[in-house]
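**Q** One structure coming up, written as structure tokens, with questions to follow.
The values are calculated or read from the model by the stated rules, or taken from the named source; none is laboratory data. As the structure is a computational prediction, the values presented were derived from the model and not from experiment. Glycine also receives a Cβ, built like all others from the backbone with ideal geometry; neighbour counts cover every protein chain displayed. For accessibility, only protein heavy atoms count, side chains too; no ligands or nucleic acids. Shrake-Rupley method; radii C 1.70, N 1.55, O 1.52, S 1.80 Å.
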Amino acid sequence: MDHRPQAWGRPRDDVYGPYDASYLHNNQPKTATQSPIVTGTSVIAIKFKDGVVMAADNLASYGSLARFTDVKRLRPFLSTSVVGFGGDVSDMQFLDRHLNELAIDEAYEAEGCSAGGLGSSAQEPDASPGASKGQLNAANLHKYLTKLMYRRRNSFDPLWNQILVAGFDSASAPFLASVDLRGTAFTSPSLATGYGAMLAQPIMRKYAATEEDAAKLTRDDAVRVVRECMKVLFYRDARSLDRFSLAVVTRDGVDISEDEVLEQQSWAFAERIRGYGTQTV
């Protein structure tokens, strides 16, 4: 009998014949991330008169287990835009690497334009704040991601994410838009993914139901509304965390704080929750 470790668990060739592994060969399409396991929950964002505020908690859940508590799901792009990711974390990491490569390419092209005799400044008169000539602003980036997500969907290998893009458009107006794994894209004064679409959107729409309402909000008001929404999500969403990242995009650039903590929490309302069915008080 063959006692070598590499032969353990295998039938003897001299008795049963050589081992046939052909049935293990798989010629079917690749099915990676067709069932997302490690996921992030809500991303929320709201416009104000000078920019956009976006927030997402730092939790990545392994199924129903709160496994990773320090996953940052907000990413700056070219210091002019912010991208927030909900959904599969591995696809988020793929997109993050892809956007880093895109940002490097954009930076090289902008440097080449500056050195090519465009004068002392490479800023176009109608370019968005902080974006040099030829660089992608938030509206351009959103359109690029929309085409990317739609192409992957048509290839039957979608990226299982819902993405929010915040920044400024070519008219230097605050820009906020969403795109999902099917390539469905739209804009709104306030947006949310995951549970936030049901729990946070009603709160944000009280303050920014229209573009005119959003134009009246100050930065402090927008930050206060987003913090309140994150608190409601922590109370009501089992896949959320009380630590979150907060990004503010203005014409001066992107300000991201990745270690925000919910304050003034109160669980007194839990005593009044009785569940369903017949209650005995």
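**Q** With a cut-off of 18 Å, note down the residues of region 237-260 whose backbone N falls inside the zone around a label point 7 Å from the Cα of A107 toward its beta carbon.
**A** Answer for region 237-260: 253-256.
**Q** Carbon and sulfur atoms: what percent of the 1.4 Å accessible area of region 202-246 do they account for?
**A** Ligands and nucleic acids excluded, carbon and sulfur give 48 percent.
**Q** Would you mind getting me the FRET efficiency between R219 and Q264? Use the beta-carbon distance for r and R0 = 22 Å, nearest 0.05.
**A** E(calc), rounded to 0.05, equals 0.60.
**Q** Continuing with this model, one more query. Check S188: other-chain or 5+ apart residues with amide H under 5 Å from its amide H, H built from backbone geometry?
**A** L176
**Q** Another one. Could you give the nm distance between label points at I37 and R182, where each point is 7 Å from its Cα heading toward the beta carbon?
**A** Result for the modelled spin labels: 2.7 nm.
**Q** What ³J(HN,Hα) values, in whole Hz, does the Karplus curve 6.51 cos²θ - 1.76 cosθ + 1.60 give for region 72-82 when θ = phi - 60°, with x put for Gly and Pro?
**A** Values, residue by residue: 8, 10, 10, 10, x, 10, 6, 6, 10, 9, 10 Hz.
**Q** Calculate, for A209 and K49, the FRET efficiency according to 1/(1 + (r/R0)^6) with r their C-beta to C-beta distance and R0 22 Å; round to the nearest 0.05.
**A** Calculated value: 0.90.
**Q** Can you work out the Karplus-derived ³J(HN,Hα) for every residue in region 175-187? Use 6.51 cos²θ - 1.76 cosθ + 1.60 with θ = phi - 60°, whole Hz, and x for glycine or proline.
**A** Taking θ as phi minus 60°, the curve returns 10, 9, 8, 10, 8, 10, 5, 8, x, 6, 10, 7, 10 Hz for region 175-187.
**Q** So with the 1.4 Å probe, I'd like the accessible area per residue for region 131-181, rounded to whole Å².
**A** Computed with neighbouring chains in place, this is 40 Å² per residue.
**Q** Here's another thing I want to ask about it. Separation between the R274 and S172 pseudo-spin-labels, each 7 Å from Cα along Cα→Cβ, expressed in nm?
**A** So the two model labels end up 5.9 nm from each other.
**Q** A follow-up question, please. Can you list residues from other chains, or at least 5 along the same chain, whose modelled amide H is less than 5 Å from the amide H of L217?
**A** Excluding prolines and chain starts, which carry no amide H, the hits are K49.
**Q** Then there is this: Can you list residues whose amide H is under 5 Å from R182's amide H, if they're 5+ apart or on another chain and H is modeled 1.01 Å from N?
**A** Counting only residues 5 or more places away or on other chains, the set is empty.
**Q** Let me have the relative contact order for region 41-96, percent, based on Cα pairs under 8 Å that are six or more residues apart.
**A** Numbers: 73 pairs, mean separation 14.6, N = 56.
Normalised by residue count, the contact order of region 41-96 is 26 percent.
**Q** Classify region 159-281 from the C-alpha gyration tensor, please: rounded if a/c falls under 1.5, else prolate or oblate depending on whether a/b exceeds b/c.
**A** Because a/c hits 1.5 or more and a/b exceeds b/c, region 159-281 counts as prolate.
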